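Asks: To start, I am sharing the structure in question, which I have written as structure tokens.
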Amino acid sequence: MSELTSQIRDLLEGEFPEVLVEGEVSNLRIPLSGHVFFTLKDPKSQLKAVIFKTQTRFLKFVLENGQHVLCWGRISVYEPKGEYRLIVDYLEPKGLGALQLAFEQLKKKLEAEGLFDPSHKKPLPLLPQRIGIVTSPKGAVIKDMLKVLKRRFENLHILIYPVRVQGEGAAEEIAEAIDYLGKSGLVDVIIVARGGGSIEDLWAFNEEIVVRSIFRCPVPVISAIGHETDYTISDFVADLRAPTPSAAAEMVVKQKEDLREKINLLHKRLFNAIKHILTLKEERLKRLEKNLKDPRKKLKDLFRHTINAEKRLIQNMLFIIERNSQRLNVSCKLLLTHTPKRRCELLRDKLFSLTSRLKKGIILQIKTKENNLQFLAGKLNDVSPLTILSRGYSITWLLPHNVLVKDAAQVSIGDRVRVVLAKGELECLVKGKSE
Amino acid sequence: MASMSFEESLRQLEFIVEELEKGDLPLEEALKLFEKGVELARFCYNKLDEVKRKVEILVKEGEQLIPRPFEEEENGS
């Protein structure tokens, strides 16, 4: 089988490597993968087509159901499903489909009337308790929604208003249901739901009667029509658009769950806060208590402190006195040993000794000098000419000039000389001489 | 308290929690606020659970629409 499919693929791909196709876009679907899936159709036939994500960036406009488009691409086979399909490389619009055109016209008209104005949007109730669902009681949609609501275990009161969601008369039923629930006071919020389908399938929700019933509904309306990529005019006028019916159910449940969580958190914070405050107060009390002492104990402490200080003071004083008296003693002793009396005595003694030494010295000096003098006098006596004369010698002086004569040559015969004797003198006339 | 809306109770509870979290309140005032907070939280919980889980479908009986229990199992499963 795989081989056959593979051969078919080769055949088709070989035969249609490049095609240009014209048709209307329907069943447009863009899953998370980002690839764009849709069916091209004309009055006679349909062709499945895909734009791979990498090619979508060449799309210059938002691809919508009902658009008449020209596609360039090639034919390929999707083997897992045994389907052939058009792989679109490029695509451009070619006029609008009839329904799409009607859609655009109504949308434009209601928009001009201000029906889509955000100021008309009512906020969802903070606490949605009773939920009205306008949908078909049969089929997957209500089942999925109830599954969501059940799974989340929230206590909710759900009131279903069964309606036909497509075909003749569907729009009127839907509008009537919305009006009824809005006025009944039975519900806090209304979900208008329908599963996915073609633009024709969803058409009731593009009818003016439905759109206007949503607009005038006093209760907030959530639209949950088709798949996430499907847009109806009801979506524009609703107070909130849910991507799918299940998502609408999720929104409501989540709102309540969030609230419960919020209250849980507040409850916890409340207890933590009071605990914190009590802890702070307790700590402060303990701190104060610690600082608060019995005054008697404080007095005792002070007393003890004073005594200690006093003791230390006395000890210090005694120590200082002791030390100073020691120093005084030492100083006194030093002073006594250095007394001027003693010094005076010493000086006097010294003076005495010096005086006596002076006297003795002088006497000695005198004696020595006397002795010297005697000795010298003796010696002088010895050499005195008088002494020599006494021994018979005489001294001869040549007259008239009294020149001492030591040599006979000094004297000529006839000269007069004076001869000094030990006793008396003679004046002589030289008569002869010998040399 | 009974006449107070859920929204108002929640708002007050938030206010009280924030006041208490500032932590500089006199003890008596703090305790008074705490008591009020506990009461408000209880009120909110009660409001949340006020409604019992119930799935009903409106059934036309003559000219009137009457809520009847919706049998989920019968529908499509």
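Asks: All but one of (1) more than 45 Å from the chain's Cα centre (by Cα); (2) surrounded by 10 or more Cβ atoms within 10 Å (Cβ to Cβ) hold for A:Glu282; state the number of the condition that does not hold.
Replies: The single condition A:Glu282 does not satisfy is (1).
Asks: Yes or no: segment A:261-284 includes at least one residue that is free of Cβ contacts under 8 Å to residues at least 24 places away in the same chain and away from chain B (no Cβ under 14 Å).
Replies: No - not one qualifying residue is present in segment A:261-284.
Asks: Next up: Take the residues of segment A:233-259 that are touching a helix residue (DSSP H, G or I) at 6+ places or on another chain (Cβ under 6 Å) and without any contact (Cβ under 8 Å) to a residue 60 or more places away in the chain: which is surrounded by the fewest Cβ atoms within 10 Å (Cβ to Cβ)?
Replies: By that ranking, first place goes to A:Arg241.
Asks: Applying the selection to segment A:381-410, what residues are in contact with a strand residue (DSSP E or B) (Cβ under 8 Å, 6 or more places away or on another chain), polar (S, T, N, Q) and farther than 18 Å from A:Glu435 by Cβ?
Replies: Across segment A:381-410, the qualifying residues are A:Ser394, A:Asn402.
Asks: Of all residues in segment A:153-170 being more than 16 Å from A:Ile142 (Cβ to Cβ) and more than 7 Å from chain B (Cβ to nearest Cβ), which is modelled with the lowest pLDDT?
Replies: Per the criteria, the residue is A:Phe153.
Asks: Another one. Could you check segment B:1-60 and list, in sequence order, the residues that are more than 9 Å from chain A (Cβ to nearest Cβ) and of a type in the set (A, V, I, L, M, F, W, C)?
Replies: Hits for segment B:1-60 are B:Met1, B:Ala2, B:Met4, B:Phe15, B:Phe43.
Asks: Take A:Glu111 and decide whether it is in a loop (DSSP other than H, G, I, E, B) and more than 53 Å from the chain's Cα centre (by Cα).
Replies: Considered against the rule, which asks whether it is in a loop (DSSP other than H, G, I, E, B) and more than 53 Å from the chain's Cα centre (by Cα), A:Glu111 comes out as no.
Asks: Do we find a residue being in a strand (DSSP E or B), surrounded by 19 or more Cβ atoms within 10 Å (Cβ to Cβ) and under 59 Å from the mean Cα position of the chain (by Cα) anywhere in segment A:136-157?
Replies: Checked against the condition, which is being in a strand (DSSP E or B), surrounded by 19 or more Cβ atoms within 10 Å (Cβ to Cβ) and under 59 Å from the mean Cα position of the chain (by Cα), segment A:136-157 yields at least one hit.
Asks: Which of the following residues is surrounded by 12 or more Cβ atoms within 10 Å (Cβ to Cβ) and over 13 Å from A:Asp89 (Cα atoms): A:Ser45, A:Ser6?
Replies: The match here is A:Ser6.
Asks: I would also like to ask the following. Of all residues in segment A:269-297, which are farther than 12 Å from B:Glu21 by Cα and among the charged types (D, E, K, R)?
Replies: Matches in segment A:269-297: A:Lys281, A:Glu282, A:Glu283, A:Arg284, A:Lys286, A:Arg287, A:Glu289, A:Lys290, A:Lys293, A:Asp294, A:Arg296, A:Lys297.
Asks: In segment A:52-70, what residues are surrounded by 17 or more Cβ atoms within 10 Å (Cβ to Cβ) and either at positive phi or modelled with pLDDT of 90 or more (or both)?
Replies: Selection gives A:Gly66 alone.
Asks: Quick one: is A:Arg130 free of Cβ contacts under 8 Å to residues at least 40 places away in the same chain and not assigned by TED's automatic domain parsing to the domain that holds A:Asn65?
Replies: No.
Asks: Still on this model: Return the only residue of A:Ile191, A:Ile178 being in the same structural domain as A:Leu240 (by TED's automatic domain parsing), in contact with a Cys (Cβ under 7 Å, 6 or more places away or on another chain) and surrounded by 24 or more Cβ atoms within 10 Å (Cβ to Cβ).
Replies: On inspection, the qualifying residue turns out to be A:Ile178.
Asks: State yes or no: is A:Lys94 away from every other protein chain (no Cβ under 14 Å), within 30 Å of B:Arg53 (Cα to Cα) and out of contact with any helix residue (DSSP H, G or I) (no Cβ under 7 Å at 6 or more places or on another chain)?
Replies: no
Asks: Does B:Glu18 fit the bill of being more than 14 Å from the chain's Cα centre (by Cα) and over 25 Å from A:Glu257 (Cα atoms)?
Replies: Taking the combined requirement at face value, the residue does not satisfy it.
Asks: Which pairs do you get when a residue that is on the phi > 0 side of the Ramachandran plot, found in segment A:25-39, comes within reach of a residue that is polar (S, T, N, Q), reach meaning Cβ atoms under 8 angstrom, with the pair 6+ apart or on two chains?
Replies: Correct list of pairs: A:Asn27/A:Thr39; A:Asn27/A:Asn65; A:Asn27/A:Ser198; A:Gly34/A:Thr56.
Asks: Please go through (1) under 55 Å from the mean Cα position of the chain (by Cα); (2) among the hydroxyl-bearing types (Ser, Thr, Tyr); (3) surrounded by 15 or more Cβ atoms within 10 Å (Cβ to Cβ) for A:Ser119 and return the number of the only condition it doesn't satisfy.
Replies: Every condition holds for A:Ser119 apart from (3).
Asks: Based on this model, can you work out whether A:Thr355 counts as surrounded by 10 or more Cβ atoms within 10 Å (Cβ to Cβ), in contact with a Lys or Arg (Cβ under 8 Å, 6 or more places away or on another chain) and free of Cβ contacts under 8 Å to residues at least 40 places away in the same chain?
Replies: no
Asks: Only residues that are among the aliphatic types (A, V, I, L, M) and modelled with pLDDT under 90: list them for segment B:32-58, please.
Replies: Within segment B:32-58, B:Leu48, B:Val51, B:Val55 qualify.
The values are calculated or read from the model by the stated rules, or taken from the named source; none is laboratory data. Every value quoted in this text rests on a predicted model; they were computed, and no experiment measured them. Don't worry about glycine lacking a Cβ; one is built from the backbone with ideal geometry, like all the others, and counts go over all protein chains shown.
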